[in-house]
Amino acid sequence: MTFLRPPDDPAAAVAALTRWLGADDPERLLITTSGSTGTPKRVVLTRDAVLASVTASTRRLGHAGRWALVLPSSYVAGVQVVVRSLVAGHEPALDGWGDAELTSLVPTQLHRLLDSPDDVAALRGMHTILLGGGPIDPALRSRAEDAGLRLVATYGASETAGGCVYDGLPLDGVAVAVGTDSRVRIGGPTLFSGYDGDPALTAETLVDGWYLTSDAGRLDEDGRLQVLGRLDDVVISGGVNVPLPAVAARLRAHPRVGSCEVLGVDDVEWGQRVVAFVTGGIELDEARDWVSAEHPRSWAPRQVVVLDALPLLGNGKVDRVALREIALRELA
């Protein structure tokens, strides 16, 4: 079986996806995941799945137009930007914002763009900015909305042809359920066909028409999905269950912390040592006191690693594998 692998070069990706959209018998897309938590996966998507996502997204946003591509064109979010723009009858803006009416960002990009008055002015003129690819700090969203930006927080994966839950509510045709184990499950026409070369992982992940994510979540009274973090983001440290996303969110609220990621790292004494990676000036004792003011002290980090910047993958996500290696080196 042959696949279309979207090129890294944006112009080449636009050309390839234009041909793919017009083909009578299109190849399936092969999207390699970022590997932010381990080995990258090779996700297979049909054109029908991608177009189902495009149609549902356009219906939810109530607007179609030119998109600005500022994400890597070989990842699913970048592919969606290109395809949505092409389906709307426009080539995406590849060099700056141009006359684009929509775009898609990850939180790290938004944080940096908010420091540029010219970028803020361009983004303020857009109909919608999709924001996904990781946890969104409420303070960051508030800052952007105070600047006049219209944001929609998205949740999804390569396996769901990109974002399929907007501000907690699934797109039309998308089903979301939370199992007794708190695992988020997704169904509907945007789902992938499987993992190329890994039938065992496909069988483990695609079960009875549902994609079993690696995320924990809950549904509120209105059916709105709240993603609590990855299932493996709750670690046992010193015999206590520690929800790492809650620790990270608390540290991001510190006035001298610019960005933060919290991981559990194998440790002989603690089982999993809670390690906070931060940009900004904060010492371990202060970080522990800050977390303990809102959460049990047993949740407080056992190690703080101060960095100039968090290491990122090509798609803007935090490189958690690199962070774990940094933590181990710090104690070597």
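The values are calculated or read from the model by the stated rules, or taken from the named source; none is laboratory data. As the structure is a prediction and not an experimental result, all values here were calculated from the model. Cβ placement follows ideal geometry from the backbone for every residue including glycine, while neighbour counts extend to all protein chains displayed.
One table, with the values for the structure above:
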{"quantity": "Selection count, the stretch 244-261, where residues are out of contact with any Ser or Thr (no Cβ under 8 Å at 6 or more places or on another chain) and in contact (Cβ under 8 Å) with a residue 24 or more places away in the chain", "calculated": "12"}
{"quantity": "Of all residues in the stretch 313-323 being surrounded by fewer than 18 Cβ atoms within 10 Å (Cβ to Cβ) and out of contact with any Gly (no Cβ under 9 Å at 6 or more places or on another chain), the one that is modelled with the lowest pLDDT", "calculated": "GLY314"}
{"quantity": "Residue in the stretch 42-51 that is surrounded by fewer than 16 Cβ atoms within 10 Å (Cβ to Cβ) and closer than 26 Å to PRO199 by Cβ present", "calculated": "yes"}
{"quantity": "Residue that is modelled with the lowest pLDDT, among those in the stretch 206-236 that are within 26 Å of VAL262 (Cβ to Cβ) and β-branched (Val, Ile, Thr)", "calculated": "VAL234"}
{"quantity": "LEU169 vs. criteria in contact with an Asp or Glu (Cβ under 9 Å, 6 or more places away or on another chain), surrounded by fewer than 17 Cβ atoms within 10 Å (Cβ to Cβ), at pLDDT 95 or above and of a type outside the set (Asp, Glu)", "calculated": "yes"}
{"quantity": "Filter result (farther than 22 Å from SER57 by Cβ, under 19 Å from the mean Cα position of the chain (by Cα) and not charged (D, E, K, R)) within the stretch 115-139", "calculated": "PRO138, ALA139"}
{"quantity": "Test: LEU201 is in contact (Cβ under 8 Å) with a residue 12 or more places away in the chain, of a type in the set (A, V, I, L, M, F, W, C), under 29 Å from VAL120 (Cα atoms) and part of a helix (DSSP H, G or I)", "calculated": "no"}
{"quantity": "Which numbered condition ILE136 misses (of (1) in contact with a strand residue (DSSP E or B) (Cβ under 6 Å, 6 or more places away or on another chain); (2) closer than 21 Å to ALA64 by Cα; (3) of a type in the set (A, V, I, L, M))", "calculated": "(2)"}
{"quantity": "Search result, residues across the stretch 37-74 that are under 19 Å from TYR166 (Cβ atoms) and not aliphatic (A, V, I, L, M)", "calculated": "SER53, THR55, SER57, THR58, ARG59, ARG60, GLY62, HIS63, GLY65, TRP67"}
{"quantity": "Test: residue in the stretch 276-296 that is more than 30 Å from PRO72 (Cα to Cα) and in a strand (DSSP E or B)", "calculated": "no"}
{"quantity": "Residues within the stretch 100-154 that are free of Cβ contacts under 8 Å to residues at least 12 places away in the same chain, buried (at least 18 other Cβ atoms within 10 Å of the Cβ) and assigned to a loop (DSSP other than H, G, I, E, B), tallied", "calculated": "0"}
{"quantity": "Residue within the stretch 119-131 that is in contact with a Cys (Cβ under 9 Å, 6 or more places away or on another chain) and in the same structural domain as TRP67 (by TED's automatic domain parsing) present", "calculated": "no"}
{"quantity": "Condition met for GLY78 (surrounded by fewer than 21 Cβ atoms within 10 Å (Cβ to Cβ) and either over 16 Å from ASP196 (Cα atoms) or without any contact (Cβ under 8 Å) to a residue 12 or more places away in the chain (or both))", "calculated": "no"}
{"quantity": "For SER73: the one exception among (1) in contact with a Cys (Cβ under 9 Å, 6 or more places away or on another chain); (2) of a type outside the set (A, V, I, L, M); (3) not in a helix (DSSP H, G or I)", "calculated": "(1)"}
